[in-house]
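Notes follow the structure.
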Amino acid sequence: MPLNIKDAEAHALARELAEATGESLTRAVKVSIAERLARVRHLRPRLADRLDRIALDCASLPVLDPRTPEEILGYDESGLPR
């Protein structure tokens, strides 16, 4: 699948890298993208880890209302409004 980059600076940087490494333009771009993607993936926390952290933060909050959830919602033990 072709990749068409319409940015003169991006082309110049890719050509400079290819010349400096002795790689083809395609190889230089491919390796650069793969290396950056690996760094970004490493830095970005996984969704499950972020959700775990949120759950721990919520669990550590103090209870400020002594009422039961049912009392707060206003339903009796049968599930009917009080």
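Derivation of every value follows stated rules applied to the coordinates shown; laboratory data play no part. A quick note: this is a predicted structure, and the numbers were derived from the prediction, not measured. Cβ sites come from the backbone with ideal geometry, for glycine too, and all protein chains shown count toward neighbours.
A few notes on this one:
- From the list Arg27, Arg82, Arg15, Arg36, the lone residue that is surrounded by fewer than 10 Cβ atoms within 10 Å (Cβ to Cβ) and either within 31 Å of the chain's Cα centre (by Cα) or free of Cβ contacts under 8 Å to residues at least 40 places away in the same chain (or both) is Arg82.
- Within segment 16-44, if we keep just the residues that are touching a helix residue (DSSP H, G or I) at 6+ places or on another chain (Cβ under 8 Å) and outside any helix (DSSP H, G or I), the residue that is farthest from Pro2 (Cα to Cα) turns out to be Glu23.
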